[in-house]
Amino acid sequence: MRKRISGYIFCSALLLATGSVNAQNTSTAGTDAKISAIIKKLTLEEKIAMVHASGLFSSAGVKRLGIPQLVSDDGPLGVREEIKPGWASANLLTDSATFFPNGSALAATWNPELAYRYGHDMGEEARARNKQIMLAPAFNIARTPLCGRTYEYYSEDPFLNSRLAVASVKGIQSQHVAACVKHFAVNNQEVERDFISVNVDERTLREIYLPAFKASITEGGAWTIMSAYNKLRGVYCSENDYLLNKILKGEWKFKGLVMSDWGGTHSTVNAANHGLDLEMGSGEKYDAYFFAKPLLDSVKAGKVSVKTIDAKVRRILWVMYQTSLSANQPKGSMATPAHGKTAYDIASESIVLLKNAKHLLPLNTSAIKSIAVIGDNATHTFHLGGFGAGVKAKYEITALAGLKNRLGNKVNIKFAQGYSGVYIPTKDNHMGDDYNHSDSAMVTQAVAVAKSTDMAILFVGANRDYESEGRDRKDLSLPFGEQTLIDAVTAANPNTIVVVVGGAPYDIGAIKKNNHTIVWSWYNGSENGNALADVLIGKINPSGKLPFTFPASLKDSPAHALDAYPGKDHKVDYKEGILVGYRWYDTKNIDPLYCFGYGLSYTDYDYDGLYADRKAYKTTDNITATIKVKNTGKYAGKETVQLYVHKSGSAVERAEKELKAFKKVWIAAGQTATVSLKIPVKDLAYFDATKMKWVVEPGKYKLLAGTSSKDVKQTTTVNIN
Ligand code: BGC
């Protein structure tokens with residue numbers, strides 16, 4: 001409870017001094033005037049105290065004026081437990097939270113309404129814990145499948161990324177808790193993240209890496225943003241005038257505060273003058289922070305102006321007026337059944353059915369007497385692990401517990417661990433070498449169990465020790481000798497279903513080739529096992545779609561094909577330019593293992609009659625494309641209609657197709673849904689780096705509607721004048 005409360009008891013003094021502070025209901029001008037009045041009363045020393053950390057997750061308030069501390073906490077998996085200096089758990093009994101499915105799981109739902117509920121519920125938990133800022137959502141683009149934080153992030157596609165980011169931000173902030181969108185920008189690898197300088201061309205920066213940040217600010221209204229550890233074009237993001245002052249605060253008119261990543265500040269004068277507002281970090285010598293005494297000295301020496309400091313304090317106070325100083329703040333609530341339901345709904349819509357060649361799923365539970373549940377991931381929990389933020393989950397239902405919950409009375413469930421999922425990185429948190437061995441005794445035991453049952457469900461994949469902040473994976477292979485186990489169990493029991501758990505792409509080529517039934521699951525939150533069991537028994541018809549491409553081989557993946565990862569001499573060139581993810585595979589005609597947007601259902605959908613509402617449009621128009629989708633099977637289900645655009649005869653390089661709209665709809669068995677999708681014509685623009693503006697080329701555009709990026713069902717053409 002330490003540092004997070006004290007500011008609140010002083011609020012009343014400030015209220016008296018400034019009148020009503022409900023920022024949501026007062027005019028911006030009114031709030032601005034109050035903030036100006038406060039700034040006038042602050043001494044320079046007090047201002048400096050407000051712009052750097054005073055605790056692991058807090059910065060100081062000003063007692064005599066009733067300005068509270070500003071307290072943040074990590075997401076994105078939920079509200080992190082209280083941490084002591086040195087990052088050890090505070091071991092409280094009051095900070096158990098809901099564990100929400102990881103970022104790529106949320107993205108696999110393709111459902112912004114669920115992203116809103118995720119944000120809303122996490123916001124309620126943050127309120128209950130008196131946090132003003134949630135360090136979430138995180139949505140750096142999945143440039144390489146190896147990035148250790150892929151599981152925290154959403155997607156390889158800027159449009160899917162943007163829709164989910166905006167919804168998550170709005171959800172969190174509906175609770176008067178600031179979202180902190182991160183990591184701004186181009187933090188696409190963990191290897192050398194503290195030094196690496198990203199060289200990316202302007203068009204690619206604007207079209208691929210910035211859209212979700214822009215949308216989360218201009219549309220989502222995010223109140224805070226975190227600068228990334230890495231450099232952009234030779235300059236640290238935390239002191240990058242171009243990113244922070246020109247683009248974020250200039251072009252996007254961001255009113256909130258920019259905070260550094262923890263220990264991600266590298267200078268005083270440059271960072272102060274180039275847009276950083278708040279320095280955060282883990283070091284406990286707070287007076288030595290760049291934005292502490294050195295900043296005070298720099299102001300006195302005339303290297304940083306008082307006006308610049310005032311602007312930072314203004315932004316910090318403005319965030320307070322949206323959060324701790326706003327009237328009618330909801331009280332919040334912790335780990336309620338409603339939050340559990342949100343975690344369940346996300347999990348159940350995120351699970352991706354990759355292969356169901358024998359129609360073994362959904363399980364015919366009346367005919368099955370016994371099931372072998374095999375694999376460490378059947379009993380592993382995922383709320384904690386690895387380096388970086390986790391959640392002290394109030395509860396987490398494992399896959400085995402979920403299956404027992406749903407089938408326990410009817411089916412004899414036998415468990416064998418199959419492999420050991422213990423993963424220990426090197427001392428400095430690099431990937432260790434020795435992790436891919438099977439344990440023959442465990443395999444033998446698993447085979448015996450599989451032979452004695454009607455069917456086997458094999459849980460393999462990774463865990464949160466294996467995928468982690470601070471390091472990238474070395475390759476795409478499954479860890480822990482799992483392939484040996486899979487082969488042995490599959491040979492022992494022909495009715496083997498493989499469930500792979502992970503937050504990023506893996507090489508599951510051998511499983512695709514040799515196994516008839518494959519399900520993809522994630523670090524799926526508090527309700528993981530219940531949601532998974534419900535998908536397996538058919539209570540939930542799977543509707544997850546992959547938010548990134550699974551390459552057939554790592555060298556097919558753009559950054560790796562071009563030898564543009566992880567860079568040399570602390571520099572990485574994004575040589576693939578705009579051709580990130582499926583844009584690359586489609587344009588270069590490379591077949592992936594599983595494509596972006598892929599995911600099966602227990603039913604089938606027919607697409608028919610795609611048409612656009614007009615033949616020709618102006619640049620200010622919206623295109624409305626409508627299609628009929630019929631559920632031709634016997635299960636009701638949710639289908640995500642994906643609308644891509646192809647531009648031929650362009651003056652510039654274009655990806656073969658780009659996602660421009662999607663909609664998830666529920667369709668009863670045998671019914672037809674009429675689905676309309678809107679594309680603002682301005683979204684067809686490319687970024688012209690010479691003119692430094694978005695340009696919509698006139699001419700023909702092909703609209704492609706499909707169930708995935710490769711399975712295009714219907715096309716039509718429109719003209720832009
Ligand atoms: C991570 C951030 C996180 C911060 C505080 C950093 O290492 O990059 O995402 O919010 O730590 O835990």
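The values are calculated or read from the model by the stated rules, or taken from the named source; none is laboratory data. What you see is a predicted model, and the numbers here were worked out from it, not measured in a lab. In this analysis, Cβ positions are derived from the backbone assuming ideal geometry, glycine residues included, and neighbour counts consider all displayed protein chains. In case anyone asks, the SASA skips ligands and DNA or RNA and just uses the protein heavy atoms, side chains included. Shrake-Rupley method; radii C 1.70, N 1.55, O 1.52, S 1.80 Å.
For the reader, a short list of remarks on this structure follows.
- Stokes-Einstein D (µm²/s) once Rh is taken as the Kirkwood radius of segment 226-272 over alpha-carbon pairs, at 25 °C in 0.890 mPa s: 230 µm²/s
- For Tyr236, the solvent-accessible surface computed with a 1.4 Å probe is close to 30 Å², ligands and nucleic acids excluded.
- Distance between segment 185-263 and segment 540-572 - C-alpha centres, whole angstrom: 21 Å
- Within a straight-line Cα-Cα reach of under 20 Å, Lys702 can be paired with the following lysines, leaving aside sequence neighbours fewer than 8 residues apart in one chain: Lys588, Lys615, Lys618, Lys628, Lys647, Lys657, Lys660, Lys663, Lys678, Lys682, Lys710, Lys713.
- Packing here is the average count of other Cβ atoms within 10 Å per residue, and on that basis the peptides 642-654, 685-697, highest first, run 642-654, 685-697.
- Ranked by the mean number of other Cβ atoms within 10 Å per residue, highest first, peptides 28-39, 136-147, 76-87 order as 136-147, 76-87, 28-39.
- Phi-derived couplings, Karplus 6.51 cos²θ - 1.76 cosθ + 1.60 at θ = phi - 60°, listed residue by residue for segment 454-469: 5, 8, 10, 10, 9, 9, 10, x, 10, 8, 7, 7, 7, 9, 8, 4 Hz, with x used for Gly and Pro.
- Stokes-Einstein D in µm²/s, Kirkwood radius over Cα pairs - segment 120-195 at 10 °C with 1.306 mPa s viscosity: 121 µm²/s
- Sequentially through segment 192-205, phi angles give Karplus couplings (6.51, -1.76, 1.60; θ = phi - 60°) of 6, 4, 7, 10, 4, 10, 8, 9, 10, 6, 4, 4, 5, 4 Hz, Gly and Pro residues having no value and appearing as x.
- Per the Debye calculation on segment 280-319 with a single equal scatterer at every Cα and no solvent contribution, log₁₀ I(q)/I(0) for q = 0.20 Å⁻¹ amounts to -0.69.
- Note on surface exposure: Thr624, Thr444, Thr496 rank Thr444, Thr624, Thr496 by accessible area, highest first, 1.4 Å probe.
- A convex hull fitted to the Cα coordinates of the chain yields 151 cubic angstrom per residue.
- Of Lys331, Lys170, Lys615, the residue with the largest accessible area leads and the full order is Lys331, Lys615, Lys170 (1.4 Å probe).
- In order through segment 55-69: 3J(HN,Hα) via Karplus (6.51 cos²θ - 1.76 cosθ + 1.60), integer Hz, x for Gly, Pro: x, 4, 10, 9, 10, 6, x, 10, 3, 5, 9, x, 7, x, 4
- Cα gyration tensor shape for segment 381-505, rounded if a/c is under 1.5, else prolate or oblate: oblate
- Rg/Rh, computed from the Cα trace of segment 297-446 with Rh as the Kirkwood radius, has the value 1.19.
- Solvent-accessible area per residue in the chain equals 35 Å², computed with a 1.4 angstrom probe and all protein chains kept.
- The accessible surface of the chain, taken with every protein chain in place and a 1.4 Å probe, is 53 percent carbon and sulfur.
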